[in-house]
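See below for the structure under consideration.
The values are calculated or read from the model by the stated rules, or taken from the named source; none is laboratory data. Just so it is clear, the model here is predicted, and its values are computed rather than measured. Neighbour counts run over all protein chains shown; Cβ positions are idealised from the backbone, glycine included. SASA here: full protein model, heavy atoms, side chains in, ligands and nucleic acids out. Shrake-Rupley method; radii C 1.70, N 1.55, O 1.52, S 1.80 Å.
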Amino acid sequence: MIDYATLLRDHVTLKCRSIDRIFLQAYVPKLQSVGMVCRFLCWQRKFKIPSSAAFGKIGDAYVKAIHKYAEEHQIPVLYFDKKGKKKGKKKKKDDKEKIARPYIEAAARAGKEGVVLIGIAQEKASAWRSRPRKGHEKKPHPHMDWWREMTYVNHFYFYLWDSEWGGAFWKTNAYAPFPIWLWLNGHEWAKRQLEKAGIGYEALDNGFRSCEDPVALQKICDRLGPGAVKSFFWRWITRLPCPFTEADFQAGYIYDLSFRQFEVSDTCVFDRPQAGRMWFEGVIRDHPDVGRPAQVALIFKRRITRSTPGTFRTRVLTEGVDPTLCCYYKASRIKQYFKEGRALRTETVICDTNDFEIGRRVCAENWHALRAVGESANRRLCDAEAADAQPAPDVATFDRVTRPSKDDGLYAAGLRFGDPRVMAVLAAPVSFCHVIVGFTNHQLVERVGALLQGSRSYTCRQATYDLRRLKRKGLIAKIPHSHRYQLTSLGRRVAVLFTKAFGRVLAPGLIALDFRLPEDVAARSELATAWSRLERAIDEFMERQMIAA
């Protein structure tokens, strides 16, 4: 059977690395504190009393402007999630994207740029609230206490078709500080650029199945930067209704953009669906036992300590017949799935830039830093999977590992295949979470102790001895200026080979050959039946030879 590293090397017709979905929030920096809010209402908008009621008047005018805009441009307005709730059943929310898709596709066919649908949905948002300070309730000019509060308010979804970005949506509400959320797609942007350049392509849902010029496609994807995003925002803020006037903008009440979600994807299109399914079958089969996914902190090149918050786990989901591999790190995740039965999609989804000590503000520095994190995570995951696909070292190396050896005159005991302690020591560091930050003596003790549970204890002194012989045989290396160790390339190959061979061949094989198994159970095993025939054949042969003698 072809291993899955070979499938990626020999059976892929197109590779494309690109920014995928981008979710941004636009905010007004000058409305983020109480003093700035009061200054805006009193000095800029000339309200006598700075209160949330004053913001209410601005919001009401904004809502009227939105409905007037829809009427003038003949844009349909839909209310989401307005269906009646059936007794005893939880109300099911509308799939907004599914509802809006026909409108966007119709605009794309017509080549008509503009808003195609306005949706209204009640959702939670943070809004400024105020009330008269205690003792000032009846005064003509009371002092106000201000605070931010989460409340359910109407949000307006402007679904639109843009000549540069294709389908997108613009979401806002009429409550201060008047935030805006943008959803864009880097693959759709790349498609528009290919069309302008006259380069033919075949689309994959949210991606590419084929392209006449793959090199030009990759160059276009690499070209996408924050400038294109900001251009989109300022192009549309002048077209859509806005709670701020031209005088407000001139006074410095200008929106800035921040990252809420940033996706980086790698797509490998297989030459036929069977190759892709073979790849997933191999990966899913290997990594629930070799990768120890319940302990994964994955491959984001971040140091993880006991105080690091968040959940680190892996899930394998199957919806229909196509599995999805999802690995989580804090608020971010990386996932792999089989797209439309043709392509392997690996996506890094960054939901909190602070997880990687990167700022939220949309600028070139933060954009390139986030892209580097995503591309590195995708590459490291695929490299680790490929390394696990072909683990077998040469015979000389295998002999040096399993027999006693000397390294610069220092003795190193052999690692005997099948020895419970050796198998546990080699299985422990294979976990993906150790690919980046390595492992310590203490972590090795915990993991090996768990693997040897019920049979024997494992101490720090034993771990020190095992680490020494692993290092002398070239299977691990000490990370400079730390107390951590990391598997070498050879070490990972040896560890994966030992773990696979023992866990999938030797252990189940010996169980099947156990002479204490009942005959009816042994008869159901092809291996046990064949072994019994071999034993009988050997016994008959020996008996004949002895009689002949």
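Does residue 280 qualify as being modelled with pLDDT of 95 or more and either surrounded by 20 or more Cβ atoms within 10 Å (Cβ to Cβ) or out of contact with any Lys or Arg (no Cβ under 8 Å at 6 or more places or on another chain) (or both)? Spell out the reasoning first.
Numbers: modelled with pLDDT of 95 or more: no; either surrounded by 20 or more Cβ atoms within 10 Å (Cβ to Cβ) or out of contact with any Lys or Arg (no Cβ under 8 Å at 6 or more places or on another chain) (or both): yes.
Here the answer is no, as residue 280 does not meet what is asked.
Please find, within region 41-52, the residue that is most open to solvent (accessible area, probe 1.4 Å) out of those that are in contact (Cβ under 8 Å) with a residue 40 or more places away in the chain and not in a loop (DSSP other than H, G, I, E, B).
Going through the qualifying residues, I end up with 44.
Only one of (1) crowded, with 19+ Cβ neighbours inside 10 Å; (2) over 18 Å from residue 69 (Cβ atoms) is not met by residue 210, so which one is it?
(1)
Does residue 412 satisfy being at pLDDT 80 or above, small (Gly, Ala, Ser) and touching a Ser or Thr at 6+ places or on another chain (Cβ under 6 Å)?
Considered against the rule, which asks whether it is at pLDDT 80 or above, small (Gly, Ala, Ser) and touching a Ser or Thr at 6+ places or on another chain (Cβ under 6 Å), residue 412 comes out as yes.
Look through region 327-344, keep the residues that are surrounded by fewer than 22 Cβ atoms within 10 Å (Cβ to Cβ), touching a residue at least 24 places away in the same chain (Cβ under 8 Å) and under 19 Å from residue 186 (Cβ atoms), and return whichever of them is farthest from the chain's Cα centre (by Cα).
Filtering first and then ranking leaves 340.
Which one is farthest from residue 218 (Cα to Cα) among residues in region 24-40 that are surrounded by fewer than 17 Cβ atoms within 10 Å (Cβ to Cβ) and hydrophobic (A, V, I, L, M, F, W, C)?
34
State all residues of region 345-371 that are closer than 18 Å to residue 229 by Cα, without any contact (Cβ under 8 Å) to a residue 40 or more places away in the chain and among the aliphatic types (A, V, I, L, M); if no residue qualifies, say none.
369
Within region 25-40, is there a residue that is at pLDDT 95 or above, part of a loop (DSSP other than H, G, I, E, B) and closer than 28 Å to residue 366 by Cβ?
yes
With the structure loaded, tell me whether residue 172 is closer than 21 Å to residue 257 by Cα and without any contact (Cβ under 8 Å) to a residue 40 or more places away in the chain or whether it fails that test.
yes
Out of region 127-143, which residues are farther than 25 Å from residue 69 by Cβ and outside any loop (DSSP other than H, G, I, E, B)?
Across region 127-143, the qualifying residues are 129, 130, 131, 132.
Tell me whether region 176-193 contains one or more residues that are more than 28 Å from the chain's Cα centre (by Cα), in contact (Cβ under 8 Å) with a residue 24 or more places away in the chain and on the phi < 0 side of the Ramachandran plot. So that I can check it myself, show each step before the final result.
Pass one, region 176-193, residues more than 28 Å from the chain's Cα centre (by Cα): 176-178.
Applying the additional criterion that residues be in contact (Cβ under 8 Å) with a residue 24 or more places away in the chain yields 176-178.
Then drop every residue that is not on the phi < 0 side of the Ramachandran plot, which leaves 176-177.
Within region 176-193 (the criterion being more than 28 Å from the chain's Cα centre (by Cα), in contact (Cβ under 8 Å) with a residue 24 or more places away in the chain and on the phi < 0 side of the Ramachandran plot), the answer is yes, since at least one residue qualifies.
Just give me the residues in region 53-62 being touching a residue at least 40 places away in the same chain (Cβ under 8 Å) and open to solvent by less than 40 Å² (accessible area, probe 1.4 Å), in sequence order.
55, 58, 59, 62
Residue check, residue 291 against (1) modelled with pLDDT of 65 or more; (2) surrounded by 15 or more Cβ atoms within 10 Å (Cβ to Cβ); (3) under 30 Å from residue 493 (Cα atoms), all met but one. Which one?
Condition (1) is where residue 291 drops out.
If you scan region 341-352, which residues turn out to be touching a helix residue (DSSP H, G or I) at 6+ places or on another chain (Cβ under 9 Å) and farther than 14 Å from residue 377 by Cβ?
341, 342, 343, 344, listed by residue number.
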